[in-house]
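**Student:** I'd like to ask some things about the structure below.
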Amino acid sequence: MQLTPIGSELALKWSNGEETFIPLETLRKRCPCASCQGETDVLGAVHRPPQKPYGPGAFQMVQYSLVGGYGFQPRWADGHGTGIYSWDYLRRLAA
Ligand SMILES: [Zn+2]
């Protein structure tokens, strides 16, 4: 698994050699953290926080770290960086 930000996209190279590209804007809009996607209560209802407008730099990735074999965690230029994207989730985003 390799990933490289290229321009406004994230390039992913899977272990089978397949390559996919995900626009950073899509990545940010689908940030899986609780403050972006809401939390699910015991009855399965999703409580979404009010959609905040994205500030400058929201779709610019300034750095990222790999989360031990599980996925990766990008940090965005507007300071957000709590979302951890699992490889499975990235595959679904790329599909
Ligand atoms: Zn988030």
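**Student:** Just want the answer: with Cβ charges of +1 for Lys and Arg and -1 for Asp and Glu, which residue in Pro53, Asn16, Gly83 is farthest toward the dipole's positive end in the chain?
**Tutor:** Most positive-ward Cα: Pro53.
**Student:** Also, I was wondering about something else. Hey, with R₀ at 41 Å, roughly what FRET efficiency would Glu39 and Glu18 work out to, going by the Cβ-Cβ distance, to 0.05? Before the final figure, lay out each step's value.
**Tutor:** Values: r = 33 Å, r/R0 = 0.81.
Here the calculated transfer efficiency is 0.80.
**Student:** Related question: In whole percent, what relative contact order does the chain give with Cα contacts below 8 Å and a gap of six or more residues?
**Tutor:** Numbers: 134 pairs, mean separation 18.5, N = 95.
Relative contact order here is 19 percent.
**Student:** Which one, Gly71, Gly83, Gly17, has the greatest fluctuation when you compute a Gaussian network model over the chain with C-alpha springs under 10 angstrom?
**Tutor:** Comparing Gly71, Gly83, Gly17 in a Gaussian network model of the chain, the most mobile one is Gly17.
Rule-based calculations on the coordinates, nothing more; no lab input. These numbers come from a predicted model, not from an experiment. No Cβ is skipped: glycine too gets one built from the backbone with ideal geometry, and neighbour counts run over all protein chains shown.
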